[in-house]
Amino acid sequence: MSGLRSASLHSSPAVYTPVPISTLPFYRRLLFPTLPQATPTPPIFAHGTPELNIATYELLAVILRSHVSPWYTRLTKDKTFVPEIATVIVHVLREVERRALAADLPLLLYTTSSTLLAQHYADYRAAQLRHALSPSTSVAEGFHALQPHIALTPESTAINPEYLRQAVEFVLRACMTKVDWQAETERTIVREILVNPVLGGILPRLAQPWFLFGLMLSAMGKGKGSKASKFTPKAPVTSMRQMLVLLIGALHSLTSALHSVVTLMQSISRFLASLPTRKQDAPQTRYYASNLLVLVGTVLDLSSRLVSGLLLSYISIIVALLQPLLDRILSYVLYAYILTPAHITTIVIRVNAILFPNGVPAPPTIEPPHDEQVLTRQTLEARLVDALPSALSSIIIGPTTEARTRTAHDILQPLSDAACNVHLVMRLLDAILLSLFPELAADSPAVPPPSALLGSMTEEAKLDSDTESNKEGFATPLSH
C-alpha cells in the first residue's frame with residue numbers, strides 16, 4: 001500500500017510557475033499581451049519551423065513598435081489595437097505561403113529570374129556601347145530606354161511609392177478576409193507599413209552596388225589564399241623494405257579510390273531514386289538547365305571568344321540531351337537545399353538587422369566611403385578570379401592573369417550602376433507578384449502573361465501599355 005502511495009505522489013503533474021512579464025520575449029509582450037504564459041504562440045506558417053515563426057514575430061513586433069505604437073499610444077491606452085494589426089498581417093503571410101506553395105517556383109527562379117538577369121547584362125552592355133558612341137547619352141538613360149518602367153525615371157533610384165501602394169493594395173485585397181478588408185483603418189495601416197518601412201527600406205538598398213557586392217562577398221566566404229604548391233624532393237628508394245611500403249601504400253590508395261567511386265555511384269543512384277516522379281499531365285521539358293547555361297554564358301560573355309563560344313555550344317548539346325533529368329534535379333535542389341526554413345529564417349533575421357539595427361529604425365541609406373567601396377569590389381574581383389579552376393578558366397577566359405582580372409571586372413560592371421540595378425529589382429518584384437498572383441495579368445487583356453517577361457517589347461508596345469494602364473488601373477504596370 002505504501003508503494004502505491006509513493007508511486008502516486010511521484011506521478012502527480014508538475015505545477016506551472018509563471019515568470020515575470022518583463023522576462024518574456026518582446027514580441028510576446030507586445031503582440032500577445034493577454035495570452036497565458038503557459039500557452040504557446042500560434043504558428044504563422046503551416047510548413048515553417050519554430051525558429052522561423054519566432055524570427056517573423058520579432059520582425060513584426062519591431063515594425064509595429066516603431067511605426068504604430070509611437071502615435072497610437074498618444075491617442076489611447078488601449079493595448080488591443082496593435083495585436084489586431086499583427087493578426088491581420090499574420091493572416092496575409094499565411095495566404096502568401098499558401099500561394100507560394102501552389103506557385104511554380106522553379107519556373108520563377110530558373111527561367112524568369114535567370115532570363116531577367118541575363119537581359120539586364122545584355123541591355124547594360126548595349127547601353128554602355130551606346131554611351132561610348134554618343135557620350136551625350138548616359139548609360140542610365142540608354143538603359144532606361146531599353147527597359148522603361150512606369151515606377152522609375154532615368155538616372156534615379158527613387159521608386160514611385162504610388163506604384164508600390166497599388167501593388168500592396170491588390171495583394172491585401174487578395175489575401176485579407178472580407179471583414180478585415182472592409183476595416184479601412186486597419187487596411188490602410190497595414191498597407192503603409194508594407195509600402196514604407198518594408199519595401200521602401202529594402203528595394204532601394206538592393207539596387208546599391210556596394211550593398212550587392214557586400215552580399216556577394218559574404219556569400220563567397222573567406223578567401224583561401226594563394227595555392228602555391230611546394231615541391232619537396234624525396235629520398236631515393238634504396239631498400240626492399242621501402243619498396244614494399246610503397247607498393248602497399250599504392251595498393252591502399254587504389255583500393256580507397258575504387259571504394260570512393262563505388263560510394264559515389266551508390267549516392268547518385270539513391271539521389272536519382274529519391275527524386276519525385278514526373279506527373280503525366282506535367283510538361284515534359286522546362287529547360288531550367290538551358291536557361292541557367294544561357295545566363296552563365298551571358299554573364300561571362302563567352303560568345304565573344306572563339307574557344308569559349310565553341311565550348312558553350314558543346315555544353316549546350318549535352319545539356320539538351322540531359323534536359324529532363326536536369327529539370328528534375330534542379331527542382332529537387334530548389335526545394336531541398338535552397339527554399340528551406342533555415343535559409344528563410346536567416347533571410348528574415350538579416351532583413352530585421354538591416355531595417356532595424358539594434359531594434360530601432362535604420363537611418364537613411366548612407367553610402368560607405370569611396371575607398372571602402374573600391375576595396376570591396378577589388379576583393380570581390382579577386383575572389384571571382386580564384387573561384388574557377390585554373391585549367392577551366394584558362395580555356396574559357398584566358399591563360400593570363402590580366403584576362404581573368406578583366407573578366408571578373410566585366411562580370412561586376414553591369415551591377416555597378418544603381419540607376420540600372422533598380423530596374424532589375426523592380427522587374428524581379430513584378431515577376432514574383434505575377435507568379436504568386438496570376439490574376440494580376442489574367443484580369444486585363446492588355447497585360448501579357450508572366451512568360452512575356454522573357455521576351456523583349458518594342459517601344460511602341462510599351463507606350464501602348466502605358467496608355468492602357470491609365471485607363472484600366474493597376475494591373476498593367478506589372479507588365480513592364
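Read-outs: derived from the displayed coordinates by stated rules, not from any lab. Here the structure is a predicted model, which means the values were calculated and not measured. Quick reminder, even Gly has a Cβ in these numbers, built from the backbone with ideal geometry, and neighbours come from all protein chains shown.
At 0.36 nm per residue, minus the direct Cα-Cα distance, what do Thr379 and Phe26 gain on full extension? Give it in nm, one decimal, please.
Length difference between fully extended and current span is 123.2 nm.
If each residue's Cβ is checked for other Cβ atoms within 10 Å, how do Met220, Met176 rank with the fewest at the top?
If I rank by nearby Cβ atoms, fewest first, I get Met220, Met176.
Can you give the Rg/Rh ratio of the range 39-171, where Rg is from the C-alpha atoms and Rh is the Kirkwood radius?
Ratio of gyration radius to Kirkwood radius for the range 39-171: 1.13.
Sort 182-188, 46-52 for me by packing, meaning the mean count of neighbouring Cβ atoms within 10 Å per residue, highest on top.
Highest-to-lowest ranking by the protection proxy: 46-52, 182-188.
Would you mind putting 416-427, 298-309, 58-69 in packing order, based on average other-beta-carbon counts within 10 Å, highest first?
416-427, 58-69, 298-309
Over the range 125-208, what per residue volume does the convex hull of the Cα atoms give, in whole Å³?
Value for the range 125-208: 98 Å³ per residue.
Would you kindly derive the ³J(HN,Hα) couplings of the range 56-68 from the backbone phi angles with the Karplus curve 6.51 cos²θ - 1.76 cosθ + 1.60 (θ = phi - 60°), listing them in order in whole Hz, with x for Gly and Pro?
Rounded to whole hertz, the list is 5, 4, 5, 5, 5, 5, 5, 4, 5, 5, 7, 10, 10.
With each pseudo-label sitting 7 Å past Cα toward Cβ, what's the Thr39-Met220 distance in nm, one decimal?
Each label point is offset 7 Å from its Cα along the Cβ direction, giving 5.2 nm.
Going toward the positive end of the dipole of the range 56-130, with +1 on Lys and Arg Cβ and -1 on Asp and Glu Cβ, which of Pro70, Ser113, Val96 do you reach last?
So the residue furthest toward the plus end is Pro70.
To the nearest 20 debye, what is the magnitude of the charge dipole of the range 41-110 about its Cα centre, counting +1 on the Cβ of each Lys and Arg and -1 on the Cβ of each Asp and Glu?
300 debye
Starting from the 7 Å offset along Cα-to-Cβ, what nm value, one decimal, do you get for the label separation of Thr153 and Ala362?
2.4 nm
Applying 1/(1 + (r/R0)^6) with R0 = 60 Å to the Cβ-Cβ distance of His259 and Glu169, what FRET efficiency is obtained, to the nearest 0.05?
For His259 and Glu169, the calculated efficiency is 0.45.
Treat the count of other C-beta atoms within 10 Å as a stand-in for reagent exposure and order Ile85, Ile338 from fewest to most.
The most exposed by this proxy come first: Ile338, Ile85.
As an exercise, use a Förster radius of 30 Å and the Cβ-Cβ distance of Leu101 and Val179 to find the FRET efficiency, rounded to the nearest 0.05.
Values: r = 25 Å, r/R0 = 0.82.
Once rounded, the FRET efficiency stands at 0.75.
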